[in-house]
Amino acid sequence: MLYVTSYRAVPSGGSFSQFDENHLVALARQHGIKKTKDNDSVEKLFVAWLRRSEESVLGSVLVELAIVLAASQGRGAHVLRDAATVYDY
C-alpha cells in the first residue's frame, strides 16, 4: 500500500513486497525506468523515480499499481473491482 507524504508517494515499509518482481519490472519499463547495472534494484530505482515524479504522474501510477496488485492475486474476473477497492482504501 502507498501513502502520501508531502505530495510524494512512498511505499509503506519502504518496499514493494506485495508485488512480483516481473510485474514491477513491467510497470517500471512502461515509465522508462531501466536498470543500468546488474546490481541495481528495480524496486530502488522505482522508489527514487516516484520521489521525483510530479503529482499528476503519482495518481496514474497509483491506479496502475492497484490494478497490477489486483491482477496478481489471480481473480481475473474481478480485477477492476478489486483495484477500485484498493484504490479507494
* Filtered residues of the stretch 25-83 (kept if surrounded by fewer than 16 Cβ atoms within 10 Å (Cβ to Cβ), of a type in the set (Val, Ile, Thr) and in a helix (DSSP H, G or I)) -> Val57, Val63
* Identify, please: which residue in the stretch 15-24 is assigned to a helix (DSSP H, G or I) and not aliphatic (A, V, I, L, M) and is, among those, nearest to Ser72 (Cα to Cα)? -> His23
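FYI, it's all coordinate maths here, none of it is from the lab. Keep in mind that what you see is a predicted model, and the values were worked out from it rather than measured. Methodologically, a virtual Cβ is constructed for each residue, glycine included, from the backbone with ideal geometry; neighbour enumeration extends over all protein chains shown.
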